[in-house]
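What follows is a short report on a single structure.
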Amino acid sequence: MLSGRDHLVRTAVAVRRHSRCDVRVVSTRVWFAELDAHDIDWYLGTGESLDKAGAYALQGAGACLVSRVEGSVSNVIGLPLVETLEMLRPPTIELSGVERGLRG
């Protein structure tokens, strides 16, 4: 069903810090190459598709089936790492102009 088509992979990430919960949904578009019966039989024979939500593993042999990825590759693999790291960074404190003037 994915052969020659594109699809979206969406992953929601939530980080709770004290009483605040930040939530972000990351979307990645993945294009599959045109696959013939031989390609599909080969991939199914690897067994890799059996425990994958989308029935392919971009980090494994399934990469041979994908012609293009637009967005976060780690999102397709399982966890959008860049976006998760951004959410885990300690919050920064913005100083107003008056406070900056008092400090320096």
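Nothing in this text is a laboratory measurement; each read-out follows from the coordinates by a stated rule. Quantities reported herein were computed from a predicted structural model and do not represent experimental measurements. For neighbour counting, all protein chains shown are included, and Cβ atoms are generated from backbone atoms with ideal geometry for every residue, glycine included.
As a test of the definition: which semi-axes, in Å, follow for the chain when you take the square root of five times each eigenvalue of its alpha carbon gyration tensor? Largest first, please.
Semi-axes, largest first: 42, 14, 10 Å.
Over region 6-103, what is the mean sequence separation of C-alpha contacts under 8 Å (at least six apart), divided by residue count, expressed as relative contact order in percent?
28 percent
Nearest 500 deg cm²/dmol is fine: what mean residue ellipticity at 222 nm does the chain get from its DSSP H runs of n ≥ 4 alone, each adding -39,500 (n - 2.57), divided by its residue count?
One gets -7500 deg cm²/dmol as the mean residue ellipticity at 222 nm.
Give, in nm to one decimal, the length gained when the segment between Val23 and Leu50 is fully stretched (0.36 nm per residue of separation minus the Cα-Cα distance).
Gain on stretching Val23 to Leu50: 6.8 nm.
Restricting to DSSP loop positions (anything but H, G, I, E, B) with no more than 11 other Cβ atoms inside 10 Å of their own Cβ, which GluC sites (Glu not before Pro) remain in the chain?
Glu34, Glu94
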